[in-house]
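Worksheet: the structure to be examined is printed underneath.
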Amino acid sequence: MPRILLLIVLLWIIYVLIKFFIKKVQSANEEAKDGRQAEKVIACVKCGMHVPESETHTIDGKVYCNNPNCNN
């Protein structure tokens, strides 16, 4: 009887681990499909605000934010 219970517990643990790894792989695949990547955060030269690189523009090698109150 104890051997059967031990076998059932081991099979349940294996089942839970397999489910965990499948879920982890699926979430990694979804992130790859979305194209989400960490974006660099850069400080504006004039106001010092830190903004994502996609929300900046460069003039004469200096990085400025897109804030309308921060006119370069």
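Rounded to the nearest 500, what is the chain's calculated 222 nm mean residue ellipticity when only DSSP H runs of at least 4 contribute -39500 (n - 2.57) each, over all residues?
It comes out at -16500 deg cm²/dmol, rounded to the nearest 500.
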Expressed as a percent, the accessible surface of the chain that is carbon or sulfur, using a 1.4 Å probe and the full set of protein chains, is 61 percent
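Across the chain, how many lysine pairs, 8 or more apart or on two chains, come within less than 30 Å at their alpha-carbon atoms?
Lysine pairs meeting the criterion: 7.
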Calculating percent of Cα pairs over 18 Å apart from this structure picks out, from (i) 64; (ii) 46; (iii) 59, entry (i)
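The values are calculated or read from the model by the stated rules, or taken from the named source; none is laboratory data. The structure displayed is predicted, hence computed values, not measured ones. Protein only, heavy atoms only, side chains kept; ligands, DNA and RNA dropped before computing areas. Shrake-Rupley method; radii C 1.70, N 1.55, O 1.52, S 1.80 Å.
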